[in-house]
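Worksheet: one structure, shown below.
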C-alpha cells in the first residue's frame, strides 16, 4: 500500500513538498532515480519490469506520482500504471486531464490514483471504471490506495494526519524533516504504519521532492533505495539535474 504526502503552499519558496513511500513485492525492486526521457528531460525511479515510474519530475517543473487502486478485478495483461505516470510527465499540467480522459479510453489499466502538480496547482485523478479528477486546495493532502484523498477511514492516513499537524507553518527544512519522520513511522500496532515490513512485500524505497518556485532549478530530490527507517535519504538533485 503506497503512500503520498503532498504539502501544497503556493507562493512559498518551495510551493510543493511531496513525500512518497513505494510499497511493492520484494521480488520487484525499483531502480534509483535516473534520466528517463530526454525531451523533455524527466527524472524518476524506474520499474525494470515494465519500464515506467511511480514518481518523477520533469524539467518543466511538473511532478507526477501514481499509487495502485483497489485490487479487486485486477488483470495482469493490462498496461502498467507506471507507464501512465511516465507518459503524464511528458504532458503540460493544464492539459493533463484531457489527455488522461483519452488515455484511459485507448488503453486498459487496473485501478490507480494519479497525482500531479506544477507547484501552483495540484490534482488527483482516480480511475476504476470511470475517471474522476479533483483539484486540491493549498494545505496537506494524503493519498494511499483508496480512491479518495484524505480518507479518514484509512488508519494509516489518519495517523499520518495527526503526525503532520502544524507542518504547513514550518519552513522548508523543518517540513522535510517532519515528512521524513512520518514516512519512516511504524505506527502504533502495524495496521497504521507508513513504513511497512511484510512477509511478501514492504516499503522498498522512499522519495521526498521539494519543488522550488523557479522550477527545476534549486529543486531538492531526496531518495533512499530501501525502507526509510533503515537508511537516511541522499540528496540526488545535483547528480540528476546537472547531468
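The values are calculated or read from the model by the stated rules, or taken from the named source; none is laboratory data. Please read all numbers here as calculations on a predicted model, not as lab measurements. Here Cβ is always computed from backbone atoms with ideal geometry, including for glycine, and neighbour counts include all displayed protein chains.
The criterion of being more than 17 Å from the chain's Cα centre (by Cα) and either more than 22 Å from residue 25 (Cβ to Cβ) or touching a residue at least 12 places away in the same chain (Cβ under 8 Å) (or both) does not hold for residue 198. Applying the condition of being without any contact (Cβ under 8 Å) to a residue 24 or more places away in the chain and more than 22 Å from residue 167 (Cβ to Cβ) to the range 125-139 and asking which residue is nearest to the chain's Cα centre (by Cα) yields 132.
Filter the range 140-163 down to residues that are over 17 Å from the mean Cα position of the chain (by Cα) and under 18 Å from residue 206 (Cβ atoms) and give me whichever is surrounded by the most Cβ atoms within 10 Å (Cβ to Cβ). My answer is 159.
Just for the range 151-180: of the residues that are in contact with a helix residue (DSSP H, G or I) (Cβ under 7 Å, 6 or more places away or on another chain) and without any contact (Cβ under 8 Å) to a residue 40 or more places away in the chain, which one is farthest from residue 3 (Cα to Cα)? Restricting to residues being in contact with a helix residue (DSSP H, G or I) (Cβ under 7 Å, 6 or more places away or on another chain) and without any contact (Cβ under 8 Å) to a residue 40 or more places away in the chain, the top hit is 170. Looking across the range 78-93, just one residue is modelled with pLDDT under 95 and either under 18 Å from residue 2 (Cβ atoms) or surrounded by fewer than 18 Cβ atoms within 10 Å (Cβ to Cβ) (or both), and that is 92. Of all the listed residues (56, 19, 52, 45), the sole one being more than 18 Å from residue 212 (Cα to Cα), modelled with pLDDT of 95 or more and touching a helix residue (DSSP H, G or I) at 6+ places or on another chain (Cβ under 7 Å) is 52. Residue 3 falls short on exactly one of the conditions (1) touching a strand residue (DSSP E or B) at 6+ places or on another chain (Cβ under 8 Å); (2) under 23 Å from residue 240 (Cα atoms), and that condition is (2). Restricting attention to the range 68-102, the residues being out of contact with any strand residue (DSSP E or B) (no Cβ under 8 Å at 6 or more places or on another chain) and under 20 Å from residue 55 (Cβ atoms) number 6.
Quick one: which strands (runs of 3 or more DSSP E) lie wholly within the range 137-236 and hold at least 1 residues that are out of contact with any strand residue (DSSP E or B) (no Cβ under 7 Å at 6 or more places or on another chain), over 15 Å from residue 23 (Cα atoms) and modelled with pLDDT under 95?
Details: elements: 139-143, 201-212, 215-224.
In the range 137-236, the matching strands (runs of 3 or more DSSP E) lie at 215-224.
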